[in-house]
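J.: I am attaching a structure below and will ask some questions about it afterwards.
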Amino acid sequence: MTLRDRLLALLVVIIWGMNFVIIKYGLQGMPPFLLAGLRFLLVAFPAIFFIPRPKLPWRWLALYGMTMSFGQFAFLFCAIKVGMPAGLASLVLQAQVFFTLLLGMLVFAERLRIHHAIGIVVATLGMLLLAQASLRNQGAAVPIAGLLLTLGAAFSWAIGNLTNKKIMAIFPQQGILPLVVWSALIPIVPFLVCSGLFDDRQRVLDSLLHLQMGSVVVIVYLSFAATLLGYSIWGNLLARYETWRVAPLALLVPLVGLASAWLLMGEALSSLQIGGALLVLAGMAVNTFGLPRWGIAARK
């Protein structure tokens, strides 16, 4: 991966890591499914009037929109609703990395090199430490339904990753931005239906009738930064590189989330969280740059 693409991937990691603080703030003034529906509504409109529809069957747009956008966040919001701690959910969601790698090997016959496997194992140990720290902070048992729903969100994200890669392989002439914009039409109605079923109706009316400027800023950030920019860069990287080069970088997202919560919301970091974060960084370094050549250095 070129230095430019690594920096672009890091930009996406930072944007998505900030999501957790942004969403937490946004949910203070708006229920979750309504927030998600308005997010993708702003992604699609007015952009679809200026960006031509990609020349591919609607079933591909539907598959991408229902997995990458609707399925991922619908499962995640339901998990949090049934009692899954938000911090732990952000960590379990990164199981998408392993689902993506497994599906990549099955669908695209991709092979992992030894240092990629080692890096992923080290990063996984770090994620487990972060999960343990999250459980200690919560001090309560994790509901099995919440865990399964979060894994469902992770699997949906992985399917979205592979759908993105498959679309770009079959229709290489199509750009990523039209795919992101037009696929955003797909989850709008399902999210609004879920809002009617699961969100508090009085709160939905109040948040729409008395729309706060803070909610507008949150929706704009989620629509333009996290979705249009983030999805486009991520999709472009997945289209041009093997999944094992791109997907593991998402393991850095919770680290940015922890750091942003610490900087912007004053949430303290425990020694266990710091240790887990360092392991994740070490695993990502091995996955990206390979194993240190200590033997060669020693002989010199």
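J.: Which of the residues spanning region 27-59 are part of a helix (DSSP H, G or I), in contact (Cβ under 8 Å) with a residue 40 or more places away in the chain and open to solvent by 50 Å² or more (accessible area, probe 1.4 Å)? Don't jump to the end; show me each part of the working.
T.: Within region 27-59, the first condition is being part of a helix (DSSP H, G or I), and the residues that meet it are 32-44, 47-49, 58-59.
Of the ones still in play, those that are also in contact (Cβ under 8 Å) with a residue 40 or more places away in the chain are 32-44, 47-48.
Within region 27-59, Leu41, Leu42 meet the criteria.
J.: In region 223-258, which residues are charged (D, E, K, R) and farther than 15 Å from Val97 by Cα? It would help to see each step written out before you state the result.
T.: Narrowing region 223-258 to residues charged (D, E, K, R): 240, 242, 245.
Passing the criteria: only Arg240.
J.: How many of the residues in region 152-184 are in a helix (DSSP H, G or I) and open to solvent by less than 50 Å² (accessible area, probe 1.4 Å)? Explain how you work it out, then say what you get.
T.: The first filter runs over region 152-184 and keeps only residues in a helix (DSSP H, G or I), leaving 152-170, 176-183.
Pick out the ones that are also open to solvent by less than 50 Å² (accessible area, probe 1.4 Å) and you get 152-154, 156-165, 167-168, 176, 178-183.
Matching residues across region 152-184 total 22.
Yes or no, residue by residue, for (1) open to solvent by 30 Å² or more (accessible area, probe 1.4 Å); (2) modelled with pLDDT under 80; (3) in contact with an Asp or Glu (Cβ under 6 Å, 6 or more places away or on another chain); (4) not small (Gly, Ala, Ser):
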residue	(1), (2), (3), (4)
Phe75	yes, no, no, yes
Pro85	no, yes, no, yes
Leu88	no, yes, no, yes
Gln94	no, no, no, yes
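J.: Let me ask something else. Restricting region 171-202 to residues that are touching a residue at least 12 places away in the same chain (Cβ under 8 Å) and of a type in the set (S, T, N, Q), which is nearest to Leu42 (Cα to Cα)?
T.: In this case the residue turns out to be Ser183.
J.: Can you tell me which residue among Met105, Met66, Met127 is open to solvent by 40 Å² or more (accessible area, probe 1.4 Å), touching a residue at least 12 places away in the same chain (Cβ under 8 Å) and of a type outside the set (Val, Ile, Thr)?
T.: Values: Met105 fails: touching a residue at least 12 places away in the same chain (Cβ under 8 Å); Met127 fails: open to solvent by 40 Å² or more (accessible area, probe 1.4 Å).
Testing whether each residue is open to solvent by 40 Å² or more (accessible area, probe 1.4 Å), touching a residue at least 12 places away in the same chain (Cβ under 8 Å) and of a type outside the set (Val, Ile, Thr) leaves just Met66.
J.: Every residue in region 198-236 that is surrounded by 15 or more Cβ atoms within 10 Å (Cβ to Cβ) and in a loop (DSSP other than H, G, I, E, B), please.
T.: The answer is Asp199, and nothing else.
The values are calculated or read from the model by the stated rules, or taken from the named source; none is laboratory data. Owing to the predicted nature of the structure, the values given are computational and were not obtained by experimental measurement. Positions of Cβ are backbone-derived with ideal geometry, glycine not excepted, and every protein chain shown enters the neighbour counts. Protein only, heavy atoms only, side chains kept; ligands, DNA and RNA dropped before computing areas. Shrake-Rupley method; radii C 1.70, N 1.55, O 1.52, S 1.80 Å.
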